[in-house]
1. Among (1) surrounded by fewer than 15 Cβ atoms within 10 Å (Cβ to Cβ); (2) hydrophobic (A, V, I, L, M, F, W, C); (3) within 23 Å of I265 (Cβ to Cβ), there is one condition V57 misses while meeting the rest; what is its number?
2. Return only the number of the condition from (1) free of Cβ contacts under 8 Å to residues at least 60 places away in the same chain; (2) within 15 Å of the ligand (Cβ to nearest atom); (3) of a type in the set (G, A, S); (4) over 30 Å from F173 (Cα atoms) that S90 does not satisfy.
3. Considering every residue within segment 16-25, establish whether at least one is crowded, with 18+ Cβ neighbours inside 10 Å, in the same structural domain as L236 (by TED's automatic domain parsing), farther than 21 Å from T315 by Cα and at pLDDT 95 or above.
4. Quick one: R298 ticks every box in (1) assigned to a loop (DSSP other than H, G, I, E, B); (2) among the charged types (D, E, K, R); (3) under 19 Å from L23 (Cβ atoms); (4) within 12 Å of the ligand (Cβ to nearest atom) bar one, so which box is it?
5. I need the full set of residues from segment 45-73 which are assigned to a helix (DSSP H, G or I) and more than 31 Å from the chain's Cα centre (by Cα), in order please.
6. Looking only at segment 219-262, filter to residues that are under 14 Å from A121 (Cβ atoms) and hydroxyl-bearing (S, T, Y); which one of those is farthest from the chain's Cα centre (by Cα)?
7. Suppose the filter is under 17 Å from N257 (Cβ atoms) and surrounded by 15 or more Cβ atoms within 10 Å (Cβ to Cβ); does I117 pass it?
8. Please indicate, with yes or no, whether at least one residue in segment 319-330 is closer than 30 Å to R82 by Cβ, touching a residue at least 40 places away in the same chain (Cβ under 8 Å) and surrounded by 19 or more Cβ atoms within 10 Å (Cβ to Cβ).
Amino acid sequence: MIWNQRYECMDREELRSLQLARLKETVTRVYHRVPYYRAAMDRAGVTPADIRTLADVTRLPFTDKAVLRENYPYGLFAVPSREIVRLHASSGTTGKPTVVGYTRRDLENWTELVARIVTMAGVTDEDVVQITFGYGLFTGAFGLHYGLEKVGAAIVPASVGNTRRQIMLMQDFGVTALVGTPSYALHLAEVARSMDIDPAGLGIRTGLFGSEAWTESMRAELERTWNMRATDNYGLSEVMGPGVSGECTEINGMHINEDHFLVEIIDPKTGEQLPSGSEGELVITTLTKEALPLLRYRTRDITVLNEEKCPCGRTTARISKVRGRTDDMLIISGVNVFPSQIETVLMNIDGLAPHYQIIVDKKGYLDQLEVQVELTDEMFTGQFRDLEALEDKIKQKIFSVLSINCRVRLLEPRSLARSEGKAKRVIDKRPKQ
Ligand code: DLL
């Protein structure tokens, strides 16, 4: 099913002219209403009248998280406060959080865009959907909630935590779809088993996972564990929240709601725009947002853009699974390492559970990588000799992918802390440069 045939299947020429009209409006609005943008555009020597084609977007200044912080809390808002009807915030790991605001129209658009992505993933009004994101300042729960409600699904707003009760709700309420982070879905499965309940028998047909990077190997693990179709969806609070893009049932990239977002891929080092098909940092310009329009927001997320038509019938461009964030990329002894590369290695080795942590430290001048991973119950009770062989195998596989020697620590099952939200996989103990 396609939620909005008109916009999701639009002829690409027509889509481009709609994007251009909306880009011009957005640029004009921020120039006149947001002092920060007027100053930044003046510095860049560009006026709203200079935006004549979509390619002219590259003349506009970038926005990044630092700009949002410097203008905390409301400095980038483009409407008076009486027009704001909702606020959310991203968890500020360092210092102040980032505040995002929505007008009534923004909320309507958000609902519509989430309705599109949940429909893409195969959710309908027949579904009973459990939302395990935290209801609160985080955009995940409320964002998905209203879109799912629009589609007519029955929502179980379980929120985060109280994992045993989550399992009981699934069982008793006949839940058919699960919304949350992929890492929490793994934890839920583990708790279900500890209650002698097989997650695969719970009747969950669809997983709608997002909010953190996860690999294809993790997808395979989740699908096997839950006997479900696990779909990916991507978004970020600064540009709206969930609903920016999502996978259709072809499972071949996440469709972007391009009538609302203009996307580019850039080289994160030089800021140059890269041609379609190249891997780079995703940059998003909002095209319809009223409260907090953003020009060329640097997401820090690494992905690839694909503009080919999808067999599902939608014409919107897709982004590939996000490989990681530029700020999560580790540089270990000069080698670029994404945690997702290590995840892929670990998930493809028998005897290991999908719970791991990456520790980076420095000894003298040398970087040291340690991979800690839990054993499965079967492996844990097995032979010592097998464990040694397993450790060697992990080292070798990681060396073959990254050309880095690492230490491996095999852990008892269930010894690492479990995440209820976004998993924290990397601990970098090296002194900051
Ligand atoms: O995580 C919004 C969201 C909620 C998306 C629920 C999907 C589902 P933030 O907390 O602002 O917003 O975090 C945004 O999370 O820049 C990515 O680095 C990461 N992220 C989000 N979705 C995905 C995904 C929400 N599907 C940041 N794959 C983004 C990989 C993701 N990373």
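The values are calculated or read from the model by the stated rules, or taken from the named source; none is laboratory data. Quick caveat: nothing in here was measured; it's all calculated off a predicted structure. Positions of Cβ are generated from backbone atoms using ideal geometry, with glycine treated the same way; all protein chains shown enter the neighbour counts.
1. Tallying (1) surrounded by fewer than 15 Cβ atoms within 10 Å (Cβ to Cβ); (2) hydrophobic (A, V, I, L, M, F, W, C); (3) within 23 Å of I265 (Cβ to Cβ), V57 fails exactly one: (1).
2. Going through the list (1) free of Cβ contacts under 8 Å to residues at least 60 places away in the same chain; (2) within 15 Å of the ligand (Cβ to nearest atom); (3) of a type in the set (G, A, S); (4) over 30 Å from F173 (Cα atoms), S90 breaks only (1).
3. No; the residues of segment 16-25 include none that is crowded, with 18+ Cβ neighbours inside 10 Å, in the same structural domain as L236 (by TED's automatic domain parsing), farther than 21 Å from T315 by Cα and at pLDDT 95 or above.
4. (1)
5. Kept after step one, since they are assigned to a helix (DSSP H, G or I), are these residues of segment 45-73: 48-50, 54-59, 65-70.
Residues satisfying the conditions are P48, A49, D50.
6. So, considering only residues that are under 14 Å from A121 (Cβ atoms) and hydroxyl-bearing (S, T, Y), the one farthest from the chain's Cα centre (by Cα) is T249.
7. Working: under 17 Å from N257 (Cβ atoms): yes; surrounded by 15 or more Cβ atoms within 10 Å (Cβ to Cβ): yes.
The answer is yes for I117.
8. Just the residues of segment 319-330 that are closer than 30 Å to R82 by Cβ, to begin with: none.
No, segment 319-330 has no match at all.
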